[in-house]
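Peer 1: Input: one structure, supplied below.
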Amino acid sequence: MKKLTVMFLAGVFAGFVVLPGPAAANVQFGIKVGGNMAKVTGADLDDIEATLKSKVGFVGGIFLSFNFGKILALQTEVLYTMKGATFDYSDMEDPYIAKLYGNYLEIPLLLKIRIPLPIIQPFVFAGPAVGFRLSQKFSSDGEEVPLFKNSNYGAIVGAGVNLGRSFMIDVRYSQGLQHAIDIIQGDADLDLKFGVWSAIIGIAF
């Protein structure tokens, strides 16, 4: 999965590198930075008798956007993103806090549709994303245990505005589509996934 993803992205980049001059002029490169509000979703969440609290974290990285006229664009990103949640078992006889945190390198591939207004251009976008775990932390009653899978995939939807050609703001939701936790329950993985709201500012060069 990881090799196929890398080969696919390399092919996308290589294809646009060899575009002729007029097409190359419609390529934008830039940086993005923002904040996350992450939570845990999944069918097995109902079996966890705890108060779920979202994790606030950082997201940031680079992007490359290929503009096809004034309306359509294909944008790929490489983002460092923080995900996870906190489980509060304060109502139990022996109360404690469990923290489930993971840091990922996430690579989305997004189809972007713009409304071509003169200065402020609203847009919507959607597409798949693959993430590779960089680090993890699960602490339960003071004990740390490795739990996360090395990679996962998901889908992203969002909307935002371009402020001129160089600045952009977007709000997006990323939903994991693969079980993120490497624990077997019965004959299947524990069904816990990450869902993340993000607000991001971008600057294009």
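The values are calculated or read from the model by the stated rules, or taken from the named source; none is laboratory data. The structure displayed is predicted, hence computed values, not measured ones. Cβ atoms come from the backbone with ideal geometry, glycine included; neighbour counts cover every protein chain shown.
Peer 1: How many residues, within the range 65-86, are crowded, with 18+ Cβ neighbours inside 10 Å and either free of Cβ contacts under 8 Å to residues at least 24 places away in the same chain or aliphatic (A, V, I, L, M) (or both)?
Peer 2: So the answer is 4.
Peer 1: Checking the structure you have, find out if any residue of the range 185-203 is over 22 Å from L105 (Cβ atoms), under 20 Å from the mean Cα position of the chain (by Cα), surrounded by 15 or more Cβ atoms within 10 Å (Cβ to Cβ) and modelled with pLDDT under 95. Quick ask: steps written out before the conclusion?
Peer 2: Step one: filter the range 185-203 for residues over 22 Å from L105 (Cβ atoms), giving 185-188, 190-191.
Now narrow it down to the ones that are under 20 Å from the mean Cα position of the chain (by Cα): 191.
With the extra rule that they be surrounded by 15 or more Cβ atoms within 10 Å (Cβ to Cβ), the set shrinks to 191.
Filter again for modelled with pLDDT under 95, leaving 191.
There is at least one residue in the range 185-203 that is over 22 Å from L105 (Cβ atoms), under 20 Å from the mean Cα position of the chain (by Cα), surrounded by 15 or more Cβ atoms within 10 Å (Cβ to Cβ) and modelled with pLDDT under 95.
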